[in-house]
Amino acid sequence: MTAPTRTTLTVQAMHAIDQITGAVIPPIHPATTYARGADNQLIGEQDYRRPSGPTEKQAARVMAMLEDAPEAKLFSSGMAAIAAVIESVPTGGHVIAQTEMYYGAKLLLQRAVAKQRITLDLVAPGDLPALTAAARPDTDLIWIESPANPSWAVVDIPRAAEIAHAVGATLGVDSTCAPPCTTQALALGADIVMHSATKYLNGHSDVLAGVLATRETDPRWEEIGEIHSKTGAVPGAFETWLLMRGLRTLWVRFERQSASALAIAEALQADAGLEAVLYPGLPGHPGHAVATRQMTNGFGGMLSLHIAGGYEAAARFAAATKLFTQATSLGGVESLIEHRKPIEGPDSPVADNLVRLSVGLEDPADLLADLREALAGSHNAV
Ligand SMILES: *Cc1c(COP(=O)(O)O)cnc(C)c1O
């Protein structure tokens, strides 16, 4: 038999038959400490859970397999994973990130600037000439997000890697919205890939977790490993077990969410109540050509709408849907809707009339009808 694909390996990620009970799903190992024998030698492979326990080891192996990475590490949240990468930048080091990116990550970078730990330049996502101009011989880290929240601008990862490597910098990619079933950032040239596993990887809005995977076990990765185990930003055993349970359906969930989001984006394009539909799967999206190359198994379930009528119409629309729940976050089985401006605040570059959708697993015809009804209602009210 030929080697099974990553799809098959992910589905069977927990399928390790317990030799004592015959259980087809492994137990959770909540133990924090592990016994030694009479010779003071460890009986098993680990001594204490903060560095890693058996449940975390298994989940990290699945993530490394998905990314074709030599190693992956699990964190207590996506932000904890990003914080570890930022902490690995030497004091005073130069970092380049994006004007448009996950809001919390940008705030964390700006905090590191305020504490004089780093210097920071921000460039528009996907603007490669600007990225080239910002890169300097002392640039330590280039941090990109693709597709980028919330316009879903696409960054050409191989080109960004060339720019980073030309100055000896590390390229880190927040690939939360392009999970490894559609994009393998390391294979495209990134040095580190990060996921908020809270989103598509777990997929059920009931686990907070983060992942980093590396292309090489180099000195930076060793440093990140130190930060990880010494600061203890690790997930609990139960959360990790739930994450593996969610991961098993990643491929089928992402495929369906991508297909539904594309159908909704296409159907809404001509809607008079909208000024724009932002979705990388639409040929008119500026990142479509690059997305077609590097999102090989679907463009994802995230899209944004610019509502005609500005801030007020966007607020009315987001409050009017019945199947889309008004809530932050993304990538779960249930569809969510969010008016971003009041969430991000006045300093954010996000447009006043932008509404973000996370398309779930409901019947796409029902979701479309819900959006159309809410759009009509929010405009009739003007
Ligand atoms: C949610 C999110 C994060 C942060 O992850 P948490 O698990 O919430 O800490 C980072 N980047 C992106 C793109 C996200 O959507």
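The Cα-based radius of gyration of the chain, divided by its Kirkwood radius, gives an Rg/Rh of 0.99. For the chain, the relative contact order comes to 16 percent (Cα pairs under 8 Å, sequence separation of at least 6).
The three principal axes of the C-alpha atoms in the range 330-376 carry coordinate ranges of 37, 26, 11 Å, sorted with the longest axis first.
When shorter helices are ignored and each DSSP H run of at least 4 residues is given -39500 (n - 2.57), the per-residue value for the chain at 222 nm works out to -11000 deg cm²/dmol. Panel values: the range 163-312, Kirkwood radius from alpha carbon pairs, Stokes-Einstein at 20 °C and 1.002 mPa s, translational diffusion coefficient 123 µm²/s. Averaging Cα coordinates gives a centre for the range 1-52 and one for the range 295-313; these two points are 41 Å apart.
With the cut-off at 31 Å, tell me which of the pairs Lys230/Lys341; Lys73/Lys106; Lys106/Lys230; Lys73/Lys341 have Cα atoms farther apart than that. Mind showing how you got there, number by number?
Working: Lys230/Lys341 37 Å; Lys73/Lys106 22 Å; Lys106/Lys230 24 Å; Lys73/Lys341 33 Å.
Listed pairs above 31 Å: Lys230/Lys341; Lys73/Lys341.
Looking at the range 6-247, the DSSP beta bridges with both ends there are about 45 percent antiparallel. Seen from Ser175, the other residues with C-beta closer than 11 Å to its C-beta sum to a net charge of -2, counting Lys and Arg as +1 and Asp and Glu as -1. Under the simplified labelling scheme, the Glu87-Thr7 pair shows an inter-label distance of 3.9 nm, with each label point 7 Å from Cα along Cα→Cβ.
Comparing Gly53, Gly44, Gly78 in a Gaussian network model of the chain, where Cα atoms under 10 Å apart are tied by springs, the biggest mean-square fluctuation is seen for Gly44. The value obtained for the range 277-357, namely the Cα convex hull volume divided by the number of residues, is 107 Å³ per residue. Diffusion coefficient of the range 1-151 by Stokes-Einstein, Kirkwood radius over Cα pairs, 10 °C, 1.306 mPa s: 83 µm²/s.
Using the Stokes-Einstein relation with a Kirkwood hydrodynamic radius computed over Cα pairs, the translational diffusion coefficient of the range 197-283 at 10 °C and a viscosity of 1.306 mPa s comes to 99 µm²/s. Can you tell me the 0 to 90 degree angle between the C-alpha axis of helix 54-67 and the longest principal axis of the chain, rounded to 10? The angle comes out near 50 degrees. Structural descriptor for the range 38-193: relative contact order 19 percent, calculated from alpha carbon pairs under 8 angstrom and at least 6 residues apart. Volume per residue of the convex hull around the Cα atoms, evaluated for the range 92-145, comes out as 59 Å³.
Between the helical axis of 310-320 and the longest alpha-carbon principal axis of the chain there is an angle of about 70 degrees.
Using C-alpha pairs under 8 Å with a sequence gap of at least 6, the mean separation divided by the residue count of the range 250-380 gives a relative contact order of 27 percent.
Can you tell me the 0 to 90 degree angle between the C-alpha axis of helix 103-114 and the longest principal axis of the chain, rounded to 10? It works out to around 70 degrees. With Cα atoms as the point set, the range 35-99 shows a radius of gyration and Dmax of 16.7, 58 Å.
Beta bridges per DSSP, both residues in the range 250-380: antiparallel share near 80 percent.
Less than 14 Å Cβ to Cβ from Arg340, Lys/Arg counted +1 and Asp/Glu -1: what total charge do the surrounding residues give?
Result for the neighbourhood of Arg340: -2.
FYI, it's all coordinate maths here, none of it is from the lab. In this text the structure is predicted, and so the values were computed from the model without any measurement. Neighbour counts are summed over all protein chains in view; Cβ atoms, including those assigned to glycine, are modelled from backbone coordinates with ideal geometry.
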